[in-house]
1. How many residues are touching a residue at least 40 places away in the same chain (Cβ under 8 Å), touching a helix residue (DSSP H, G or I) at 6+ places or on another chain (Cβ under 8 Å), away from the ligand (no atom under 13 Å from the Cβ) and part of a helix (DSSP H, G or I) if we restrict to region 80-92?
2. What residue, among those in region 1-33 that are surrounded by 18 or more Cβ atoms within 10 Å (Cβ to Cβ) and polar (S, T, N, Q), is farthest from the chain's Cα centre (by Cα)?
3. When the residues of region 259-285 are filtered to those that are touching a strand residue (DSSP E or B) at 6+ places or on another chain (Cβ under 8 Å) and part of a helix (DSSP H, G or I), which remaining residue is farthest from ARG88 (Cα to Cα)?
4. What number of residues within region 230-274 satisfy the criterion of being among the hydrophobic types (A, V, I, L, M, F, W, C) and in contact with a Phe, Trp or Tyr (Cβ under 8 Å, 6 or more places away or on another chain)?
5. Could you pull out the residue among ALA46, ALA37 that is closer than 23 Å to ARG234 by Cα and either of a type outside the set (S, T, N, Q) or exposed (fewer than 14 other Cβ atoms within 10 Å of the Cβ) (or both)?
6. Scanning region 93-107 for residues that are surrounded by fewer than 23 Cβ atoms within 10 Å (Cβ to Cβ), within 13 Å of the ligand (Cβ to nearest atom) and not hydrophobic (A, V, I, L, M, F, W, C), which turns out nearest to THR289 (Cα to Cα)?
7. Quick check on ILE188: is it closer than 14 Å to THR226 by Cβ, more than 16 Å from the ligand (Cβ to nearest atom) and β-branched (Val, Ile, Thr)?
8. Among the residues of region 116-150, which ones are more than 10 Å from the ligand (Cβ to nearest atom), within 17 Å of CYS287 (Cα to Cα) and part of a loop (DSSP other than H, G, I, E, B)?
Amino acid sequence: MTAKIIDGKGFSQKLRSRIASTVAEIRTSKGIVPGLAVILVGQDPASEVYVRNKAKQTSEVGMESFKYILDADVSEESLLDLIDEVNRNDSIHGLLVQLPLPDHIDSDLVINSISPQKDVDGFHISNVGLLSTGQKAMVPCTPLGCKLMLLDYHGSLSGLNAVVVGRSNIVGKPMANLLLQENCTVTIAHSRTRDLPAVCREADILVAAVGRPNFIKGSWIKPGATVIDVGINRINNPDPAISKPKLVGDVDFDEAKSVAGAITPVPGGVGPMTIACLLANTVTSFCRTEGLPDPNWVEK
Ligand code: GUN
């Protein structure tokens, strides 16, 4: 068997073009557009790249982009003041504070000071509670992107066994909640799980979010399963002639592709969906603020 490759890059392009159409309709009917603000503290090169990509894609779909770059030694109080200012700015509908933050800043305090309505990351405790009780939440972008790709591929997920490997607040836990809402039977596995290969082999849907390169082997995968690889790991290129690091997922792709029914590649799978979902969440936030119905991002 050779797995179908789930093309996250192509899927994210289609999603962004639907977002752009929705933004254009909003501009016509309301005379305003949704705005997304990103706050970056310090000069972490990887974070700078993320923030630049976010700003570029925000503008490309016709939304307004706001960028705040603060020095690495900025006080927690100054950061909280800026968040308060953004919370009260009616032109801004989504706010993301790029993580990780420097050690002298309390990340939980910062995240929970973002207005829950503008919390397009879905990290605020109110949104975590709303999601886990099945209420209208802002849903974290990476799990939302995985859900959209799974629904597109399967139609319905009802009754399927889903195993999520990884229990982070950003991916594992919200992913499990979303799969539960889709009527999957959900297992969250992690570093202490006994006989992880056997647990994974039960999965019709396997979501890998552990941050360990090529960790999940082909023999752990149920034949025909759908594999969603959230990992983005930089490793030394196996070809010594290439000095640039190689990007690999948490799943051993070469092994998995001959067992799985469908699989997301790395790069080009889940990654591009995350920013697209951030834009989608910003439009959703705008619609809620304006009393409009939530846009439906699931392709019909
Ligand atoms: N840093 C890396 N990924 C993310 C993300 O999805 N959201 C935020 N806020 N910071 C990140």
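The values are calculated or read from the model by the stated rules, or taken from the named source; none is laboratory data. These figures come from a predicted structure and were not determined experimentally. Neighbour counts are summed over all protein chains in view; Cβ atoms, including those assigned to glycine, are modelled from backbone coordinates with ideal geometry.
1. 1
2. The selected residue is THR22.
3. Filtering region 259-285 for residues touching a strand residue (DSSP E or B) at 6+ places or on another chain (Cβ under 8 Å) gives 260-267, 269-270, 278-279, 281-282, 285.
Of the ones still in play, those that are also part of a helix (DSSP H, G or I) are 270, 278-279, 281-282, 285.
Values: VAL270: 33, LEU278: 20, LEU279: 20, ASN281: 19, THR282: 16, SER285: 14 Å.
So, considering only residues that are touching a strand residue (DSSP E or B) at 6+ places or on another chain (Cβ under 8 Å) and part of a helix (DSSP H, G or I), the one farthest from ARG88 (Cα to Cα) is VAL270.
4. Going through region 230-274 one residue at a time, the tally reaches 5.
5. Working: ALA37 fails: closer than 23 Å to ARG234 by Cα.
Of ALA46, ALA37, the one residue that is closer than 23 Å to ARG234 by Cα and either of a type outside the set (S, T, N, Q) or exposed (fewer than 14 other Cβ atoms within 10 Å of the Cβ) (or both) is ALA46.
6. GLN98
7. Working: closer than 14 Å to THR226 by Cβ: no; more than 16 Å from the ligand (Cβ to nearest atom): yes; β-branched (Val, Ile, Thr): yes.
Taking the combined requirement at face value, the residue does not satisfy it.
8. Within region 116-150, GLN135, LYS136, ALA137, MET138, VAL139 qualify.
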